[in-house]
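Visitor: Please find one structure pasted underneath; my questions will follow.
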Amino acid sequence: MGDVFVLAEHRQGVLRDVTLEMLTKASGLAEKLGGETVAVLIGSGVDSFAEKLTGYSDKVLFVDNPLFSDYNSEKYQKVLVELIKQYNPGLVMIGHTTQGVDLAPALAVEMNLPFVTDVIDLEFVEGKLQPVRQYYQGKVNANFVFKGEPPYLITFREATVEVTGPSRQGKVEKVESPLKEDIGYRKFIEYVEAEVGDVDITQSEILVAVGRGIKEEKNMALIEDLAKAIKADICGSRAATDAGWLPHDRQVGTSGKTVKPKLYIAIGISGAFQHLAGMKGAKTIVAINKDPDAPIFSVADFAIIDDLFKVLPKLTEKLKELRG
Amino acid sequence: MKTFVCIKRVPDTSEAEVKVDATGKDVDSSRFSFDINDADNYAVEEAVLIKEAKGGTVQVICMGPQDADVMIRMALAKGGDSAIRIDDPRINAVDPLKVAKVLAAVIKSQEFDLVLTGCMASDDGSMAVGVALAEELGVPHAAMVKKLEVEDGKVKAYRELEGGIAEVVEITLPAVITIQTGINEPRYAPIRGIREAQKKELKVLKIDDLGLAEDEVNAASSLVELQKLYIPEVVSRAEVIEGAPEEKAEIMATKLVKGGLL
Ligand SMILES: Cc1cc2nc3c(=O)[nH]c(=O)nc-3n(C[C@H](O)[C@H](O)[C@H](O)COP(=O)(O)OP(=O)(O)OC[C@H]3O[C@@H](n4cnc5c(N)ncnc54)[C@H](O)[C@@H]3O)c2cc1C
Ligand SMILES: Nc1ncnc2c1ncn2[C@@H]1O[C@H](COP(=O)(O)O)[C@@H](O)[C@H]1O
């Protein structure tokens with residue numbers, strides 16, 4: 001079927017993890033597809049990434065031009081269209097990241113490619129490639145089949161693959177930029193760093209995390225009582241920070257912070273993958289949720305499947321008693 | 001400003017048990033409660049805020065069943081001027097590119113400055129419709145926007161990236177923006193607005209009304225096909241604490257303290 005293209009994602013001088021994760025996944029696939037793994041690197045001043053990628057791919061297609069000093073969906077799309085036409089890969093993988101979802105759907109439409117987003121796995125069934133994705137925030141899996149001719153296009157979820165390597169010795173192939181000058185309906189202006197708050201939850205040893213399950217702001221009192229009893233800091237899901245129950249710098253997950261406390265108590269949090277990505281590295285995870293199917297239980301060490309309003313007051317009381 | 005805002009009706013499955021139905025390609029939704037998709041609620045608010053600041057109109061578009069009318073009227077009550085609902089079983093709704101094609105067909109026939117969508121529908125989580133829609137319309141876009149400043153003939157969009165960093169981009173209008181949750185504080189519909197909304201126009205259209213042929217948007221025309229749905233095996237190594245709620249609390253507290261976890 002052909003080569004597997006993996007779009008290298010980088011930002012502010014950092015090669016994003018999803019790149020090597022996709023290349024690891026692609027390595028297993030390329031053999032079955034009868035092709036090679038090709039990392040596609042678009043950028044400026046990123047020679048060291050090209051070098052690094054050779055350890056994880058058979059070939060690095062490197063479009064090196066000052067036009068690409070920062071990511072821009074319009075320019076990336078133009079380049080990818082040309083590269084895909086020229087090299088005709090079997091499969092194109094782009095990260096299901098804020099960059100990938102800003103780019104891939106438009107590329108799919110422009111080139112009329114068979115397209116599946118947020119893919120968590122790629123299976124071979126009867127010689128055919130079947131992308132697997134999820135519905136209802138992880139409660140249902142779905143297998144898709146591609147119809148029509150390759151190239152197929154997918155966005156691939158972050159943190160689903162353990163990176164292996166470096167184990168290859170690919171070569172770098174410099175490609176002249178198909179784009180010669182700036183085009184411009186969209187201009188990159190600047191990056192604005194996330195706000196810094198009073199407590200740095202990435203350093204916290206004990207975290208009490210709150211989600212939409214507490215329903216109303218006034219119920220934060222229950223959370224505060226528990227946190228006080230065990231000297232924990234409070235953090236939360238995006239639903240909790242969006243609702244204004246907590247400041248934004250207390251949000252855990254892909255668009256918030258990655259935390260690694262000794263103890264993480266998740267209360268009324270369903271465990272969307274964007275949340276899990278930020279906390280699954282905690283040493284011990286306690287989850288309180290009344291839904292036995294909540295994905296948070298997939299990473300928990302202790303599961304309390306019950307109504308948090310019935311559990312919390314007693315939990316706090318007992319902890320106070322035991323700790324004197 | 002002529003603004004369109006795309007809203008989807010989705011089930012709240014956060015607490016519900018989800019079961020695959022007999023076809024193996026859909027879920028049994030008979031017991032779900034439905035409402036406007038979270039991000040779309042913020043998109044409606046943003047559209048209304050822009051109208052309040054700059055004047056103009058807000059048109060609501062929804063592809064969905066008649067039951068969606070309640071949610072559409074709510075958006076009208078908050079400040080939307082009129083609405084179009086596309087209701088046609090021939091459309092392959094599992095393919096976000098087909099959904100984008102249909103939404104584009106509605107918008108194309110009119111003048112517009114800005115199209116707002118949510119960045120993600122919580123049921124399918126595709127994160128694809130908005131950006132695909134922009135390409136169908138042939139206009140620029142910015143995805144996952146958590147702050148939007150409308151200027152003359154252009155917008156400054158703050159795209160939210162991993163880690164909460166924002167990438168600021170400037171794009172010329174007309175454009176499509178996909179809205180991230182938390183960009184504003186969605187209002188409650190005022191009582192008077194709810195009354196007025198009943199009188200506002202809500203057109204229901206079929207693909208033929210949009211100049212689309214069945215074989216442009218049906219399942220046969222899609223380049224991907226849903227093979228099967230299944231409940232994933234949840235591999236949990238968690239120790240499940242048993243007992244009445246208070247007992248569970250006591251057991252857990254004891255484990256935390258005696259187990260040296262605190
Ligand atoms: C681009 C993008 C980035 C994102 N980044 C993040 C991120 O960084 N961090 C993040 O957290 N999310 C993020 N999200 C959002 C994520 O997809 C989820 O929407 C969010 O995590 C849900 O938060 P929640 O678990 O608090 O709410 P819900 O999913 O609504 O879950 C609430 C839970 O509470 C339980 N519950 C309700 N009542 C009770 C009760 N009485 N007792 C016990 N349990 C109860 C329910 O069973 C349910 O499981 C992002 C989304 C997008 C699109
Ligand atoms: N059936 C629909 N009707 C109207 N808008 C939709 C529909 N499906 C998706 N959208 C819009 O596209 C956004 C992204 O959806 P998705 O790509 O499915 O995650 C949603 O937040 C909506 O704004």
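Visitor: Of all residues in region A:285-299 being touching a Gly at 6+ places or on another chain (Cβ under 7 Å) and in contact (Cβ under 8 Å) with a residue 40 or more places away in the chain, which is nearest to the other protein chains (Cβ to nearest Cβ)?
Guide: A:P295
Visitor: Do we find that B:K147 is more than 16 Å from ligand 1 (Cβ to nearest atom) and charged (D, E, K, R) in this structure?
Guide: no
Visitor: All but one of (1) in contact with a Gly (Cβ under 8 Å, 6 or more places away or on another chain); (2) open to solvent by 10 Å² or more (accessible area, probe 1.4 Å) hold for B:S82; which doesn't?
Guide: (1)
Visitor: Looking at (1) among the charged types (D, E, K, R); (2) within 18 Å of A:V109 (Cβ to Cβ); (3) without any contact (Cβ under 8 Å) to a residue 24 or more places away in the chain, find the lone condition where B:K199 falls short.
Guide: Condition (2) is where B:K199 drops out.
Yes/no per residue for (1) under 35 Å from the mean Cα position of the chain (by Cα); (2) open to solvent by 70 Å² or more (accessible area, probe 1.4 Å):
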{"residue": "B:L223", "(1), (2)": "yes, no"}
{"residue": "B:L226", "(1), (2)": "yes, no"}
{"residue": "B:E239", "(1), (2)": "no, yes"}
{"residue": "B:A249", "(1), (2)": "no, no"}
{"residue": "B:T254", "(1), (2)": "no, no"}
{"residue": "B:G259", "(1), (2)": "no, no"}
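Visitor: Of the residues A:S237, A:S270, which is in contact with a Ser or Thr (Cβ under 7 Å, 6 or more places away or on another chain), within 13 Å of ligand 1 (Cβ to nearest atom) and open to solvent by 10 Å² or more (accessible area, probe 1.4 Å)?
Guide: A:S270
Visitor: Could you list all residues from region A:300-324 that are at the interface with chain B (Cβ under 7 Å from one of its Cβ atoms) and either among the hydrophobic types (A, V, I, L, M, F, W, C) or without any contact (Cβ under 8 Å) to a residue 12 or more places away in the chain (or both)?
Guide: Of everything in region A:300-324, those that are at the interface with chain B (Cβ under 7 Å from one of its Cβ atoms) and either among the hydrophobic types (A, V, I, L, M, F, W, C) or without any contact (Cβ under 8 Å) to a residue 12 or more places away in the chain (or both) turn out to be A:A300, A:F302, A:A303, A:I304, A:I305, A:K310, A:V311, A:K314, A:L315, A:K318, A:L319, A:L322.
Visitor: Testing B:K203 on (1) within 16 Å of ligand 2 (Cβ to nearest atom); (2) within 14 Å of chain A (Cβ to nearest Cβ), one condition comes back false. Which one is that?
Guide: (2)
Visitor: Could I ask something else about it? Which one of the conditions (1) outside any helix (DSSP H, G or I); (2) within 30 Å of A:K310 (Cβ to Cβ); (3) of a type outside the set (K, R) does B:L212 fail to meet, given that it meets all the rest?
Guide: It is condition (2) that B:L212 fails.
Visitor: Still on this model: So, in region B:60-73, exactly how many residues are open to solvent by 30 Å² or more (accessible area, probe 1.4 Å), within 12 Å of ligand 2 (Cβ to nearest atom) and under 26 Å from B:I177 (Cβ atoms)?
Guide: The total comes to 1.
Visitor: Restricting attention to region B:30-59, and to residues there that are modelled with pLDDT of 95 or more and part of a loop (DSSP other than H, G, I, E, B), which single residue is surrounded by the fewest Cβ atoms within 10 Å (Cβ to Cβ)?
Guide: B:G55
Visitor: Also: Could you count how many residues in region A:50-70 are over 13 Å from A:E173 (Cα atoms) and of a type outside the set (D, E)?
Guide: Step one: list which residues in region A:50-70 are over 13 Å from A:E173 (Cα atoms), which gives A:52, A:55-56, A:65-70.
Next, from what is left, pick out any that are of a type outside the set (D, E): A:52, A:55-56, A:65-69.
Residues meeting the conditions: 8.
Visitor: Moving on. Quickly run through region B:172-182 and pick out the residues that are at the interface with another protein chain (Cβ under 9 Å from one of its Cβ atoms), in contact with a helix residue (DSSP H, G or I) (Cβ under 9 Å, 6 or more places away or on another chain) and closer than 21 Å to B:K2 by Cβ.
Guide: Correct list: B:A175, B:T178.
Visitor: How many residues are under 16 Å from the mean Cα position of the chain (by Cα), under 21 Å from B:I50 (Cβ atoms) and either open to solvent by 10 Å² or more (accessible area, probe 1.4 Å) or within 16 Å of ligand 1 (Cβ to nearest atom) (or both) when one looks only at region B:121-141?
Guide: 3
Visitor: Could you tell me which residue of region A:105-133 is surrounded by the fewest Cβ atoms within 10 Å (Cβ to Cβ), considering only residues that are more than 7 Å from every other protein chain (Cβ to nearest Cβ) and under 30 Å from A:I269 (Cα atoms)?
Guide: A:D121
Visitor: Just one of A:A266, A:A239, A:A229, A:A209 is within 12 Å of chain B (Cβ to nearest Cβ) and touching a strand residue (DSSP E or B) at 6+ places or on another chain (Cβ under 8 Å); which is it?
Guide: Unique residue meeting the criteria: A:A266.
Visitor: Does A:L61 meet the test of being out of contact with any Lys or Arg (no Cβ under 7 Å at 6 or more places or on another chain), in a loop (DSSP other than H, G, I, E, B) and crowded, with 20+ Cβ neighbours inside 10 Å?
Guide: When the stated conditions are applied, A:L61 does not pass them.
Visitor: Could I ask something else about it? I need every pair where a residue in region A:96-107 that is over 18 Å from B:D95 (Cβ atoms) has its Cβ under 6 Å from the Cβ of a residue that is at pLDDT 95 or above and aromatic (F, W, Y), sequence separation at least 6 or different chains.
Guide: A:Q99/A:Y71; A:L103/A:Y76
Visitor: Please specify each residue of region B:1-18 satisfying the condition of being more than 16 Å from ligand 2 (Cβ to nearest atom) and at the interface with chain A (Cβ under 9 Å from one of its Cβ atoms).
Guide: The answer is B:S14, B:E15, B:A16, B:E17, B:V18.
Visitor: Further, regarding this structure: Among the candidates A:A300, A:A277, single out the residue that is of a type in the set (G, A, S), under 15 Å from A:G138 (Cβ atoms) and within 9 Å of ligand 1 (Cβ to nearest atom).
Guide: Exactly one of A:A300, A:A277 is of a type in the set (G, A, S), under 15 Å from A:G138 (Cβ atoms) and within 9 Å of ligand 1 (Cβ to nearest atom), namely A:A277.
Quick grid of which residues meet (1) within 14 Å of another protein chain (Cβ to nearest Cβ); (2) without any contact (Cβ under 8 Å) to a residue 40 or more places away in the chain:
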{"position": "A:G45", "(1), (2)": "no, yes"}
{"position": "A:T54", "(1), (2)": "no, no"}
{"position": "A:F62", "(1), (2)": "no, no"}
{"position": "A:V92", "(1), (2)": "yes, no"}
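Visitor: Moving on to the next point. What are the residue pairs meeting all of these: first residue in region B:116-131, first residue within 7 Å of another protein chain (Cβ to nearest Cβ) and in contact (Cβ under 8 Å) with a residue 12 or more places away in the chain, second residue near ligand 2 (Cβ under 6 Å from one of its atoms) and open to solvent by 10 Å² or more (accessible area, probe 1.4 Å), Cβ atoms under 7 Å, and 6 or more apart or on different chains?
Guide: From residues that are within 7 Å of another protein chain (Cβ to nearest Cβ) and in contact (Cβ under 8 Å) with a residue 12 or more places away in the chain, the pairs are B:S126/B:P96; B:M127/B:M120; B:A128/B:P96.
Visitor: For region B:142-171, name all the residues that are more than 8 Å from chain A (Cβ to nearest Cβ), open to solvent by less than 30 Å² (accessible area, probe 1.4 Å) and in contact with a Ser or Thr (Cβ under 9 Å, 6 or more places away or on another chain).
Guide: B:V145, B:V155
The values are calculated or read from the model by the stated rules, or taken from the named source; none is laboratory data. Please read all numbers here as calculations on a predicted model, not as lab measurements. Note that each Cβ is placed from the backbone with ideal geometry, even for glycine, and that neighbours are counted across all protein chains shown. Keep in mind that these areas ignore ligands, DNA and RNA; they rest on the heavy atoms of the full protein, side chains included. Shrake-Rupley method; radii C 1.70, N 1.55, O 1.52, S 1.80 Å.
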